[in-house]
Protein chains: 2
Amino acid sequence: MVNRTVEDEKLETMRHSASHIMAEAVQSIFPGAKFAIGPAIENGFYYDFDLPRPLTPDDLPVIEAKMGEIIASNTPFIREEITREEARQLFAAQPYKLELINELPENEKLSVYRQGSFLDLCRGPHVKASGEVKAFKLINIAGAYWRGDEHQPMLQRIYGVAFDTREALEEHLARLEEAKNRDHRKLGRELEIFIFDDEVGPGLPLWLPNGGAMIEEIERLAKDVEFEHGYVRVKTPHLAKEDLFKHSGHLPYYAESMYPPMELEGVRYYIKPMNCPLHHKIFASKTRSYRDLPLRIAEYGTCYRYEKSGELLGLLRVRSMQMNDSHIYCSEKQFDQEFVGVISLYLEYFKIFGIKEYYMRLSTHHPNGLGKKYVNNPELWLKTEAMVRQAMNNHNVPYYEVADEAAFYGPKIDVQIKSAIGKEFTLATNQVDFAQAERCDLKFVNEKGEEERPLIIHRAPLGTHERFVGFLLEHYAGAFPVWLAPVQVTIIPVADRHLEYAGRLESDLRSRDIRVKIDARSERMNPKIRQAQLEKVPYMVVIGDKEVEAGTVSVRLRSGEQLPPQSSDAFIETVSRIIASRSQDLK
Amino acid sequence: MVNRTVEDEKLETMRHSASHIMAEAVQSIFPGAKFAIGPAIENGFYYDFDLPRPLTPDDLPVIEAKMGEIIASNTPFIREEITREEARQLFAAQPYKLELINELPENEKLSVYRQGSFLDLCRGPHVKASGEVKAFKLINIAGAYWRGDEHQPMLQRIYGVAFDTREALEEHLARLEEAKNRDHRKLGRELEIFIFDDEVGPGLPLWLPNGGAMIEEIERLAKDVEFEHGYVRVKTPHLAKEDLFKHSGHLPYYAESMYPPMELEGVRYYIKPMNCPLHHKIFASKTRSYRDLPLRIAEYGTCYRYEKSGELLGLLRVRSMQMNDSHIYCSEKQFDQEFVGVISLYLEYFKIFGIKEYYMRLSTHHPNGLGKKYVNNPELWLKTEAMVRQAMNNHNVPYYEVADEAAFYGPKIDVQIKSAIGKEFTLATNQVDFAQAERCDLKFVNEKGEEERPLIIHRAPLGTHERFVGFLLEHYAGAFPVWLAPVQVTIIPVADRHLEYAGRLESDLRSRDIRVKIDARSERMNPKIRQAQLEKVPYMVVIGDKEVEAGTVSVRLRSGEQLPPQSSDAFIETVSRIIASRSQDLK
């Protein structure tokens, strides 16, 4: 893991002090304010207040101005140690603080920090004086339940960011702005990628034609790559009897993440939360010999899991999951190559999508969890963990290790990726499973004619369509590489007399599997270009008299660059080549 | 509809008489036999008996021999008219006949037919004498409830076939034998296309890798063709809130064909029985202008419908349906072209799959059903029915018409196809819908700036994967055209020293997206060829010393034909070309 530096700690202290300064400012503006808690967080701080009236965004500059005064006064932060009883008296008018005080151990001294007229119950540390808070900005007001508990009072939280230089702050604010513009929910709506609908249900996206085109491309990529790597494809139903999930061990342990059952002819059916038990059925559908292994069964299987409505977030936390799923059944001898084969798929995909920052984390078991969180087979745990380490080391794949985070049935590799602007996404996991083969009685006949259990690798390098498209929207800010772009070419006829030529070009492009549309509105050229630009279409082809006469096309790239006039054939060839290579380039 | 000819009626009479002759034979062998009913059916006849012991297949030749004697004796069939009371006395020992007699009108004369010692209650007509029954065979024994009611006694039914010549009979028996060999359940198991599993549930096939390969190819075909025809692709969830299906009108009317609901956070969810309401949501997700129409939304959406366990039949009656679905939203003006565009898709597919016999049936409403079976809008019924007729006529598509068989919301075209051996399959329907746009408040802004309802065409030319693969298995008897074959090439190395060359060839083929496998077992060549032949692999490539030396391949076709030696490049080119053209040829 990354170690915290002295700089990190200094920044955190400063942010924590900024929170106290904000509280002091709020106190001076709202004398009756009650204070809850105010910690430092990543990039800044917050404080939860109980105030006589709801805050509005207009309050923030007022509070900021007051904070500015406090900082300019360079008031010292003073620590004092007091008894619980003294604390009770000092905070007699502060019910939230009293609640906290009453929960602290009876015989310990408590510390408080005082700056100017503001006093807070606090462990510290803090800056020496308020002048050390350099560059800050209040950015947001939100509701927050006291102690995060919906049965407790709703408080008002103010978020701020703080950095040690003005430049660092500006940079961060610019990143925030950029992130807001790249928010996949905003882009998803603007680019018509997906919608949610109240009558369909929360967490269940409907993919509009533009999203459908992306999904098709991603599946085609997965199928191409997986075919090349010797995978075979299957299809399994979205529902199955209760028995299947009991047998696999999902019921009752996983029941709270599953949709409730449907009862039919006296039998309970569940919609599948995972594809594994169904793939295991396919493995078990005939006698397997060592010659059949490795067997790599792949399916873009849609699974459904229950997440609380309150925890759903755009495409990133959903209830439907179109998963780039596969299960690899192999012998121990084959494990090293199969496991690294999967890791190499990740790297192949990272290259295609221009993912430059990622890390892999190996999660192992902890002996204390055996028989509880983990299958109770200490030997196999140590053995498979060693196998994974060796596979990663043999092939020089960097990773770090975390104990006590494994899956129930074996160690796993989690893959985190960063988008172009550094936002982190959990992509997928890669799991070794030494337990389900036993549980589902999966076996193969080895070279010696004996029955043996296969190892199972669960893998989904492209994660789910939901999460991956969410990532891609933010990563590319909607300006997708040509092969992924929902519309690849917009043809813009200048006048109606150019429609025929435009139509011929359209059908030529379409016959080469290029997604093309004509903007035939009776608008002038510029609004049409603006529209295509808003839709982030890679190529805009303007057709006017000159082009019709010369049989050429005039191409404008999404980047604004104008290509030299060229024959339509040459243009079609270029676009086809760029699509086929899944390149990020436009020319 | 096809009219019955005099020949048809003569055959039916003869088959009915054969049934009486069989009953006479059974009576002579089982004197205590009770008789139920014995009609003529397609190709033959049956009779239901209540016998003192269960029949075995060994009984059939004995009964046939006895029938042969009766036919040889050329006994006349004699009709008599009698009163109900007389009938009651004549059939006093026959409880099933008595039950039938009691249900006939009190004051009508009944007719009976007598031949030799056998007397039956029967309307006729019959042959003049038993000698007119020429060529027959008893083929099957089955259980059948009296009056088809499971609460009534179980009877024994004997099926027979009968024709006017020995040749016609032989031909029919050969077809039956062929049909048995082509049964998709048998082939599906042998060729490892799909399985059912008790723990997953009845009617829910799991597609094995071979079936998965076929599904991928069929979807690719649909996507290619639909892209070319200007369809766009969407993806919608497999479940949605009760509200959606109430709003669409599926609930409560269609509830008995739906899986039961799941209740989550106080809301009832249903697994979708159709894609329509979800596609309508996509149509309604933005303001639509006439410029957006026709909008052709396509999805291979998997739907789930409840069929009683007893009614399930292999892939032909299932509970999961991967549907080649699409909804076309268009204006009235566009209807003709859109509707015929769909019909032309069918014809395109028929050509690809070598479907030579098919017929299209236009189902219209009946005024008596308005407001009950049919949306109560007589004007729109007449108008859309006229539009469909005109579209079919304008483009010379032959069809016939049946009244009172339309869908709830509009007229439809049903498409029936015949397999290579003449077995009939219902492929899909093509429906016009003038009601759901109103119900779901779908609209577009027309050229005049006014709101207008679109017409909706529901179509699925490739039906469902389940039913279509079931058809293809029987149609091709498992010997699929190359593009559809799960394994396209099997490489057969003669000895281990040829494995390296075989491996290179394999990866060359695979890099051209050809599905290939090596039979690397330490077996002799002939059993390997036999195995590939059983799997109906189109190409078997034998690699021995000669091929390795010369850098050639020796190719044997599934038909048994041996191709002249050729370079591996030439072979790969040929296979690629045949796959790309989706041809039925092997060379």
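Quick notes on this structure:
- Under the simplified labelling scheme, the residue A:246-residue A:178 pair shows an inter-label distance of 5.5 nm, with each label point 7 Å from Cα along Cα→Cβ.
- Viscosity 1.306 mPa s, 10 °C: Kirkwood-radius Stokes-Einstein D of the stretch B:6-182 over Cα pairs, µm²/s: 95
- Efficiency of FRET from Cβ geometry, residue A:10 and residue B:512, R₀ 60 Å, rounded to 0.05: 0.50
- Backbone phi angles across the stretch A:376-391, fed through the Karplus curve with coefficients 6.51, -1.76 and 1.60 (θ = phi - 60°), yield HN-Hα couplings of 7, 9, x, 4, 5, 4, 4, 5, 5, 4, 5, 4, 5, 4, 5, 4 Hz in residue order; Gly and Pro are listed as x.
- The stretch A:178-217 and the stretch A:260-282: distance between their alpha carbon centers, rounded to Å: 28
- Neighbours of residue B:342 by Cβ distance under 10 Å: Lys/Arg scored +1, Asp/Glu scored -1, total +1.
- Cβ crowding within 10 Å ranks A:264, B:173 as B:173, A:264, fewest other Cβ atoms first.
- Taking the label point 7 Å along Cα→Cβ, residue A:451 and its counterparts in the other copies are spaced 6.7 nm apart, in ascending order.
- Counting only residues at least eight positions apart within a chain, or on another chain, the aspartates and glutamates with an alpha carbon under 19 Å from that of residue A:373 are A:256, A:385, A:401, A:404, A:405, A:414, A:433, A:438.
- In order through the stretch B:42-48: 3J(HN,Hα) via Karplus (6.51 cos²θ - 1.76 cosθ + 1.60), integer Hz, x for Gly, Pro: 4, 6, x, 6, 8, 8, 9
- Burial ordering of A:164, A:569, fewest other beta-carbon atoms within 10 Å first: A:569, A:164
- Less than 5 angstrom separates the built amide H of residue A:401 from those of A:362, all sequence-distant by 5 or more or on a different chain.
- Cut-off 12 Å between beta-carbons: net charge of the residues surrounding residue B:66, Lys and Arg +1, Asp and Glu -1: -4
- For residue B:4, the point set 7 Å out from Cα toward Cβ sits 9.2 nm from its twins in the other copies, listed from shortest up.
- Once the Cβ-Cβ distance of residue A:225 and residue A:566 is raised to the sixth power relative to R0 = 41 Å, the FRET efficiency obtained is 0.80.
- Segment residue B:523-residue B:499, extension gain: residue separation times 0.36 nm, minus the distance between their alpha carbons: 7.3 nm
- Point-to-point label distance, residue A:383-residue A:85, nm (Cα→Cβ direction, 7 Å offset): 6.5
- Amide H contacts under 5 Å for residue B:264, placed H, 5+ residues apart: B:269
- Placing a label point 7 Å from Cα along the Cα-to-Cβ axis, residue B:564 is separated from the same position in the other copies by 4.9 nm, shortest listed first.
- Fewest-first ordering of B:474, A:447, A:452, A:24 by other beta carbons within 10 Å of each residue's beta carbon gives A:447, A:452, A:24, B:474.
- Nearest-0.05 FRET efficiency for residue B:402 and residue B:106, computed from C-beta distance (R0 41 Å): 0.70
- The stretch A:459-585: C-alpha gyration tensor shape, a/c 1.5 cut-off, then a/b vs b/c: prolate
- Our estimate of slack between residue B:585 and residue B:421, defined as 0.36 nm per intervening residue step minus the Cα-Cα distance, is 57.1 nm.
- Shape call, the stretch A:193-319: gyration tensor on alpha carbons, a/c limit 1.5: oblate
- Amide H to amide H distances under 5 Å link residue A:288 with A:445, where only residues 5 or more positions off or on other chains count and H is placed in the peptide plane.
- For q = 0.04, 0.07 Å⁻¹, Debye-computed log10 I/I(0) when each Cα of the protein assembly as shown counts as one equal scatterer: -0.31, -0.88
- Gyration tensor verdict on chain B (Cα atoms; rounded if a/c is under 1.5, prolate if a/b is larger than b/c, oblate otherwise): oblate
- For chain B, the antiparallel share of DSSP beta bridges with both residues in that region comes to about 85%.
- Structural size metrics of the stretch A:7-103, computed from C-alpha coordinates, are Rg and Dmax of 14.4, 40 Å.
- Rounded to the nearest Hz, the phi-derived 3J(HN,Hα) couplings of the stretch A:75-87 under the Karplus curve 6.51 cos²θ - 1.76 cosθ + 1.60 (θ = phi - 60°) are 5, x, 8, 10, 8, 9, 9, 9, 8, 4, 5, 4, 4, where x marks glycine and proline.
- Surrounding net charge for residue A:146, when Lys and Arg each add one and Asp and Glu each subtract one, Cβ distance under 15 Å: -2
- Centroid-to-centroid, using Cα positions, the stretch A:293-371 and the stretch B:109-152 are 66 Å apart.
- Fraction of alpha-carbon pairs over 19 Å apart in the stretch B:399-514 - percent: 69
- For the stretch A:1-56 and the stretch A:423-477, distance of Cα centres in Å: 43
Only the coordinates and a few stated rules stand behind these numbers; no lab work does. Keep in mind the model is a prediction, meaning the values are calculated, not measured. We place every Cβ from the backbone using ideal geometry, glycine too, and count neighbours over all the protein chains shown.
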